[in-house]
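Written out below as structure tokens is the structure these notes cover.
What follows draws every value from the coordinates through simple rules; no lab data is involved. Remember, predicted model here, so these are calculated numbers, not experimental data. We place every Cβ from the backbone using ideal geometry, glycine too, and count neighbours over all the protein chains shown.
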Amino acid sequence: TPAFYGCLDWHSAVHGHWLLVRLCRSFPGANFQEPVRHAITQSLTPEKIQGELAHLQRHPFFECPYGFAWLLQLAMELREWNDAQAKTWLNILEPLEIKVAINFQRWLQRLAFPDRTGTHSHTAFPVSLALDWAQQQHHHELIALIEAKARQFYLHDRHYPLHIEPLAYDFVSPGLAEADLMRRILTPTDFADWLTAFLPQLLDQASAECLQPLQVADSNDYLQSHFRGLNLSRAWMLEGMMSRLPADDDRLDWLRSLAVLHRQCGLVDVDQEHYATSHWLGTYAVYLLTGRGLSHS
């Protein structure tokens, strides 16, 4: 498509732009500012965004939900950045942002059952990203829809079989992603109770030993490379779960140790140069390292 191209897939190009914006915003004095700003300016033009809109007119649910969620995150990042050039980019992007939000809401309204795999069609993770955007925008209709769907899909889940993960070539944990969504909509006490019912094995370290970082046997395999992202996403989802639990919760130390272990193992792989990894893993590393899912800044 006109604005988001040059990666293996559209969503990677979108979150690649999110990555550039997040880095520029986080490191204002870095020497990459000028070339990165130039690249973003080349991508985000009115003509190219009109081309993206035309593509969505023909294919209204193209890359929904995963790609849509990252587009909303890109807009969210630009909106929070107090920078003149970022404001210009946001003004250009806003028509696409509005259309994506409308189509995402239509998709979610019609969704009867969640996708519980750990790849691009997965439900809980992109819905979490969209909820963060909706809360920033005070989009009360979408917030209410997400909260209702999350309760419908997940509130009564019990005894999740964490030991069966990963499922084939996951890059997010279906179980932890579900918990990371539910911590966004439940009170700390309610989330703690829900987590006990959903993942009772977290109360017993021996039972949770299955939650160990994944190793990649073939670093050039595009599907196995997903495990590198899985280690990073597990780390931020564990941190998200911890952020919502009461301070005296007995699981905190164990969850913290698991998060640190996954963070360490995941970050070792970030500098892999093969395209199987390099076209997307940087986004996951920066999302984790900058605590994007834990705050609204």
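Some points to look at:
- Intensity falloff of the chain expressed as log10 I(q)/I(0), Debye formula with alpha-carbon point scatterers, at q = 0.12 Å⁻¹: -0.78
- Here r is the Cβ-Cβ distance between residue 80 and residue 53 and R0 is 25 Å; the resulting FRET efficiency, rounded to 0.05, is 0.60.
- Around residue 83: net Lys/Arg minus Asp/Glu count, Cβ-Cβ under 13 Å: +3
- For the pair the range 70-84 / the range 3-17, the C-alpha centres are spaced 16 Å from each other.
- Relative packing of 137-145, 279-287, 97-105, which averages over residues the other C-beta atoms within 10 Å, highest first: 279-287, 97-105, 137-145
- On a per residue basis, the convex hull of the C-alpha atoms belonging to the range 1-110 measures out at 92 Å³.
- Against the chain, whose longest principal axis is taken from its Cα atoms, helix 188-198 shows a tilt of about 70°.
- What the Kirkwood sum gives for the range 106-245 is a hydrodynamic radius of 15.7 Å, with every pair of different alpha carbons counted.
- For the chain, averaging the sequence separation of C-alpha pairs within contact (under 8 Å, six or more residues apart) and dividing by the residue count gives a relative contact order of 17 percent.
- Degrees, to the nearest 10: 46-58 long Cα axis against longest axis of the chain: 60 degrees
- Per-residue ³J(HN,Hα) for the range 98-105, Karplus 6.51 cos²θ - 1.76 cosθ + 1.60, θ = phi - 60°, Hz, x for Gly and Pro: 4, 5, 4, 4, 4, 5, 4, 5
- The chain: angle of helix 174-185 to the longest principal axis, Cα-based, in degrees nearest 10: 80 degrees
- At an R0 of 25 angstrom, the distance between the Cβ atoms of residue 31 and residue 295 translates into a FRET efficiency of 0.40.
- A cut-off under 10 angstrom between Cβ atoms defines the neighbours of residue 3, and their net charge, with Lys, Arg +1 and Asp, Glu -1, is -1.
- FRET efficiency, residue 158 to residue 223 (Cβ-Cβ, R0 30 Å, nearest 0.05): 0.45
- Converting phi to 3J(HN,Hα) with the Karplus coefficients 6.51, -1.76 and 1.60 and the offset θ = phi - 60°, the range 267-274 yields 6, 4, 8, 5, 8, 4, 8, 5 Hz in sequence order, with x at every glycine or proline.
- Nitroxide proxy distance, nm - points 7 Å out along Cα→Cβ at residue 137 and residue 61: 1.9 nm
- The range 1-110: relative contact order as a whole-number percent, Cα under 8 Å and 6+ apart: 34 percent
- Relative contact order of the range 155-297, defined on C-alpha pairs under 8 angstrom at six or more residues apart (%): 27 percent
- Amide H contacts of residue 270 (H built 1.01 Å from N, under 5 Å, at least 5 apart or other chain): none
- Peptide ranges 237-245, 45-53 listed from the most packed, as the mean C-beta count within 10 angstrom indicates: 237-245, 45-53
- Note, ³J(HN,Hα) from phi for the range 217-229, Karplus 6.51, -1.76, 1.60, rounded to Hz, x at Gly and Pro: 6, 10, 5, 9, 7, 5, 7, 5, 4, 4, 5, 5, x
- Inter-centroid distance (Cα atoms) of the range 162-224 relative to the range 244-277, Å: 11 Å
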